[in-house]
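Here's the structure we're looking at; comments come further down.
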Amino acid sequence: MNVRYRAFCLGLATLVLAGCNFNRTPNFAVEAPRFRIPPDYRQKIVAWTKRYYIEPNSVRILASSDPMPILVTSGIPVWLVCVELDARERGGPYMGPRRIALGFYPDLSAPMERKIIDLKNEDCEHPQIAWREWGRWPVARARRR
């Protein structure tokens, strides 16, 4: 075999193997997207749990993150909100807490409903994410007239 041919094959194999080691973690060091996160995003999250879980009345949202701007793999800026929740299996016990990554672009992008946004629940394990109890959020009160 020719030395150039071997070098070409070695280089090609290196590129192929490097492509298999793709890191798709979103970039957390970005400016906020041009659109604002909807003011009722918490209600949208609750509505999503009612559609997604088999026992929707059993869903307990334990904690959530503050909305964070991120840049997903495809270069799209989105708002990331992570929730930690627990729900019952069909007619059974609670499954245990799990973290769910939700994106707003500008509408809600949730697991099993994703279209363009490349988010995974593992993205909620990023150390930059600040968590707070779901019930500790400030509640908007109705104005008296």
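The rows are residues; the columns are (1) surrounded by fewer than 16 Cβ atoms within 10 Å (Cβ to Cβ); (2) assigned to a loop (DSSP other than H, G, I, E, B); (3) of a type in the set (Phe, Trp, Tyr).
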{"residue": "Phe35", "(1), (2), (3)": "yes, yes, yes"}
{"residue": "Arg51", "(1), (2), (3)": "yes, no, no"}
{"residue": "Ile61", "(1), (2), (3)": "no, no, no"}
{"residue": "Leu102", "(1), (2), (3)": "no, no, no"}
Fill in the blank from the handout: Across segment 108-118, the tally of residues that are surrounded by 13 or more Cβ atoms within 10 Å (Cβ to Cβ) and closer than 19 Å to Arg36 by Cα stands at 4
Exercise for the section: Give me the pairs, please: first residue somewhere in segment 70-90 and open to solvent by 50 Å² or more (accessible area, probe 1.4 Å), second residue anywhere and of a type in the set (S, T, N, Q) and outside any loop (DSSP other than H, G, I, E, B), beta-carbon distance under 7 Å, and either six or more positions apart or on two chains. Expected result: Leu71/Asn27; Arg88/Ser58
Fill in the blank from the handout: Taking segment 63-108 and keeping residues of a type in the set (Val, Ile, Thr) and touching a strand residue (DSSP E or B) at 6+ places or on another chain (Cβ under 8 Å) leaves Ile70, Val72, Val78, Val81, Val83, Ile100
Practice task
Of the conditions (1) of a type in the set (D, E, K, R); (2) more than 17 Å from Ala101 (Cβ to Cβ); (3) modelled with pLDDT of 80 or more, Arg42 clears all except one; give me its number.
Solution key: (2)
Fill in the blank from the handout: Exactly one of Pro56, Pro127, Pro77 is over 12 Å from the mean Cα position of the chain (by Cα) and more than 19 Å from Phe28 (Cβ to Cβ), and that residue is Pro56
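The values are calculated or read from the model by the stated rules, or taken from the named source; none is laboratory data. Because the structure is predicted, anything quoted here is derived from the model rather than measured. So basically every Cβ, Gly included, is an ideal-geometry build from the backbone, and we count neighbours across all protein chains shown. These accessible areas exclude ligands, DNA and RNA; they are computed on the full protein's heavy atoms, side chains included. Shrake-Rupley method; radii C 1.70, N 1.55, O 1.52, S 1.80 Å.
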